[in-house]
1. Which members of the range 77-99 meet the condition of being among the polar types (S, T, N, Q) and surrounded by fewer than 18 Cβ atoms within 10 Å (Cβ to Cβ)?
2. List pairs: first in the range 24-47 and free of Cβ contacts under 8 Å to residues at least 24 places away in the same chain, second of a type in the set (Asp, Glu), Cβ under 6 Å, 6+ apart or cross-chain?
3. Specify the residue that is nearest to Tyr23 (Cα to Cα); the eligible residues are those in the range 40-88 that are part of a helix (DSSP H, G or I) and hydrophobic (A, V, I, L, M, F, W, C).
4. Would you check if Thr26 is of a type in the set (S, T, N, Q) and open to solvent by 40 Å² or more (accessible area, probe 1.4 Å)?
Amino acid sequence: MLSDKATYTTIPVSDVQRARRFYEETLGLRPDMVTEGGVMYRSGGAQFFVYPSAFKASGHTQMSWVVDDIKAEVAELRAKGIDFEDLTVPGVTTVHGVSQVGPSIWTAYFRDPDGNLLLLTQLG
């Protein structure tokens with residue numbers, strides 16, 4: 001029934017204008033659609049909607065990007081003021097914000113201005 005339908009992520013924020021500056025200026029994304037209810041962005045083949053909310057997202061990862069060179073992406077985002085989080089999970093090694101979670105999987109976690117947890121992943 002839904003297996004061939006497009007999906008999109010929704011990300012709650014307390015200040016849409018501040019979120020727009022972060023997603024557009026810091027991350028380099030362009031709005032796909034702007035409404036009174038929020039802003040839709042497109043990244044790769046996926047979309048996500050940033051909307052005003054009095055509620056915060058839960059502590060889990062809200063969205064992930066698959067990247068080819070995680071160290072280069074982390075360096076570029078750090079240069080724009082992004083702080084990366086160190087994981088404290090048994091069996092996971094984190095060096096300079098990049099965690100190796102398997103023989104060929106690397107991740108790097110960061111937050112938007114509202115504390116939404118975002119993720120970069122490099123596979124293989």
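1. Within the range 77-99, Thr88, Thr93 qualify.
2. Listed by first residue and then by second, the contacts come to Tyr41/Asp32; Arg42/Asp32.
3. Among those residues, the one meeting the criterion is Leu77.
4. No.
The values are calculated or read from the model by the stated rules, or taken from the named source; none is laboratory data. Computed from a predicted structure; not experimentally measured. Quick reminder, even Gly has a Cβ in these numbers, built from the backbone with ideal geometry, and neighbours come from all protein chains shown. The protein model used for the area step is the full one, side chains on, heavy atoms only, and it has no ligands, DNA or RNA in it. Shrake-Rupley method; radii C 1.70, N 1.55, O 1.52, S 1.80 Å.
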